[in-house]
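This report refers to the structure that appears directly beneath it.
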Amino acid sequence: MIDAINSLNAASLASEMRKAAETEGTNPAASAQVDDAGASFASFMSSMATTFSDNLKDAEKKSMDGMMGKAGVREVVESVMTADQTLQTAMAFRDKIVSAYLEVIKMPI
């Protein structure tokens, strides 16, 4: 799943947003703003997912190295604590996304 998140392509997201803006009949200037915002948000999300993935993989690798005696206890603890903080951040972000989605769903049409 983490690898699937890493494969997020900002260009395809921007293209989809441009198509959606064109079908809604918005003006070209507004669709250009949508492209820029969509691309920057997509690149932010992609970099954040990559960072999360890298932190978790590093913690797993350090844990295995620690069990084999190749890494010290301090290195293992630091990487595991970083992974824990990363996981907590990802869960908080997920909770905010779900909360925002539920608020949008409650809006009258």
Once phi for every residue in region 96-109 is put through the Karplus expression 6.51 cos²θ - 1.76 cosθ + 1.60 (θ = phi - 60°), the whole-Hz ³J(HN,Hα) values, with Gly and Pro written as x, are 5, 4, 5, 4, 5, 4, 5, 5, 5, 4, 6, 5, x, 8
Note, ASP84: beta-carbon cut-off 14 Å, +1 each Lys/Arg, -1 each Asp/Glu, net -2
Proximal charge balance of ALA100 [Cβ under 12 Å; K/R count +1, D/E count -1] | +1
Sort LYS61, LYS106, LYS96 so that the residue with the fewest other Cβ atoms within 10 Å of its own Cβ comes first and the one with the most comes last.
-> LYS106, LYS96, LYS61
Once amide H atoms are placed 1.01 Å from N in the peptide plane, what residues at a sequence separation of 5 or more from ALA71, or on another chain, have their amide H within under 5 Å of its amide H?
-> GLY66
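Laboratory data are not the source of any read-out in this text; all were calculated from the coordinates shown. Predicted model only: the values in this text are computed from it and were never measured. Heads up, the Cβs are rebuilt from the backbone with ideal geometry, glycines too, and the neighbour counts pull from every protein chain shown.
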